[in-house]
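The values are calculated or read from the model by the stated rules, or taken from the named source; none is laboratory data. Everything numeric in this text was worked out from a predicted model, so none of it was measured. Because the Cβ atoms are built from the backbone with ideal geometry, glycine has one as well, and the counts that use them run over all protein chains shown.
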Amino acid sequence: MNGPVILDDLESQVRYYCRQTPNVFATACGARVWDTEGNEFTDFLSGCGSLNLGHNHPAIKAAVIRYLEADGIGNALDFHTAAKSRFMRRFRDCILAPRGLPHLLQFTGPTGANCVEAAIKLARKHTGRRSVVAFTNAFHGMSMGALALTGSRKARRGLEASLDGVVRLPFEGYRGASMEELDRFAEMASDPSGGIDPVAAIIVETVQGEGGLNVASEPWLRKLRKVASELEALLIIDDIQAGCGRTGRFFSFERSGIVPDLVCLSKSISGAGLPMAMLLVAPQYDSWLPGEHNGTFRGNSLAFVAAAEAVDQFCDESFVAGISIRSAMLERWLREMAGRHPDEIARAKGLGMMAGLEFRDPARAQTATENARARGLLLEACGPDDKVIKIFAPLNIELDLFADGLDRLREAIEMACPAKVGVKAA
Ligand SMILES: *Cc1c(COP(=O)(O)O)cnc(C)c1O
């Protein structure tokens, strides 16, 4: 079969992952993926966090098959459907109610970027203000508005018309930034001579997924909440990647106790890699007119069916405990690796099952990543210069498969690092 060549001939230059791993994938189960030649891969990428429950989760798969066989309605715009109503009740009962969150659900177009656009539009509409605060190394998506909020210049390159009013602040830890920068900003923004136009919203990822696994501390997040409230700006948590259990609890901000005004969810909300996005809106900010942010695929019933099962997992204490077990295992492994190669690895980073290793030299990170791919791991590097190897296994990966994958990654990294014995390479 000469599949890959034909695919490359037909597909735009924009293709990306298939350049790094040119295999033609065919089947997948849990954290295992097979190509058409029968080669097996261990998934340390999880569709960039869109497959937190692994591939073809049995409960989700069964529900989706049942729905199709019963001739369940497919796309239903935003009509009421049995599938949507079941999901909404589950989401209320398993996620919102136990956390005391009063938020309403807005189904946006089924991508993260569209959800971010909706959040920004709503914040601007509600406040009648324009400025939106976003952070260094932020990633919020590839549509024009979402891209304008993204930090990376490389990502923003295609953006000829930029969104006016983006104010960039340093994320916690960026060149030593701490809470002081937030205080200073709050002072400037509330000073009529401070030169900052009134702020509509502050948007932040509590753990920066694409930006290098930078983790905001709980005090910093609480300070950010306070600053947003003082400025009467909406606090938007972009939980598209860090949410849905990735950091250990359903929402990434739960650890800090803050209540955001808007929360963006997408990637793993359907649990099956089916497109779906949802904006959580604190009721007092729900100032949309009917149909004001619409979109054809807001009623993807199959995604609702899958999502109802996915959300159910978070009512299961053993599933949630399983994330902690795997997170602890990963953290031990990361600390050991960073301790063993201090000359090459700058630090272990991340939170929960959203973690990795930052290399000092991007070339070494790249070699290690390529070695890992050659050992049957699907994974990627992130952050400025792709210096951070990102480990993004499904949250329910079998423990022995996880350990085996980490062993292979250790070998891949050790092959990329000079030997520790004897004289160090110059
Ligand atoms: C992936 C991602 C987005 C964009 O989602 P798309 O579905 O690719 O549009 C936005 N924010 C964060 C934090 C993401 O990780």
Would you call residue 47 touching a residue at least 60 places away in the same chain (Cβ under 8 Å), in contact with a Pro (Cβ under 7 Å, 6 or more places away or on another chain) and under 26 Å from residue 374 (Cβ atoms)? no
Of everything in region 82-104 that's aliphatic (A, V, I, L, M) and closer than 17 Å to residue 300 by Cα, which residue is surrounded by the fewest Cβ atoms within 10 Å (Cβ to Cβ)? 82
For region 359-378, what are the residues that are within 24 Å of the chain's Cα centre (by Cα) and either surrounded by 22 or more Cβ atoms within 10 Å (Cβ to Cβ) or among the small types (Gly, Ala, Ser) (or both)? 359, 365, 368, 369, 372, 376, 377, 378
Quick one: is residue 259 within 19 Å of residue 101 (Cα to Cα), out of contact with any strand residue (DSSP E or B) (no Cβ under 7 Å at 6 or more places or on another chain) and not assigned by TED's automatic domain parsing to the domain that holds residue 401? yes
Does residue 41 satisfy being surrounded by 12 or more Cβ atoms within 10 Å (Cβ to Cβ), in the same structural domain as residue 400 (by TED's automatic domain parsing), of a type in the set (A, V, I, L, M, F, W, C) and touching a Gly at 6+ places or on another chain (Cβ under 8 Å)? yes
Cβ pairs under 8 Å, 6+ apart or interchain, first in region 112-123 and touching a residue at least 12 places away in the same chain (Cβ under 8 Å) and under 14 Å from residue 150 (Cβ atoms), second more than 10 Å from the ligand (Cβ to nearest atom) and polar (S, T, N, Q), ordered by first then second residue, are 117/108
Wholly enclosed helices (runs of 4 or more DSSP H) of region 17-79 bearing at least 2 residues within 16 Å of the ligand (Cβ to nearest atom): 46-49
Checking residue 342 against (1) under 20 Å from residue 249 (Cβ atoms); (2) without any contact (Cβ under 8 Å) to a residue 60 or more places away in the chain, the condition it does not meet: (1)
Residue by residue through region 62-88, note down the ones that are under 21 Å from residue 280 (Cα atoms) and free of Cβ contacts under 8 Å to residues at least 60 places away in the same chain. 80, 82, 85, 88
Go through region 311-328 and give me each residue that's surrounded by fewer than 16 Cβ atoms within 10 Å (Cβ to Cβ) and in a helix (DSSP H, G or I). 315, 317, 318, 319, 321, 324, 325, 328
Members of region 111-153 that are under 20 Å from residue 275 (Cβ atoms) and near the ligand (Cβ under 9 Å from one of its atoms): 111, 112, 113, 114, 115, 116, 139, 140, 141, 142, 143, 146
Looking at 182, 169, 101, 163, which one is under 25 Å from residue 304 (Cβ atoms) and over 18 Å from the mean Cα position of the chain (by Cα)? 101
Criterion: under 18 Å from residue 266 (Cβ atoms), of a type outside the set (Val, Ile, Thr) and under 21 Å from the mean Cα position of the chain (by Cα) - qualifying residue of 123, 148, 216, 134: 134
Whether any residue in region 300-310 is touching a strand residue (DSSP E or B) at 6+ places or on another chain (Cβ under 8 Å) and either assigned by TED's automatic domain parsing to the domain that holds residue 241 or buried (at least 23 other Cβ atoms within 10 Å of the Cβ) (or both) is what I want to check. yes
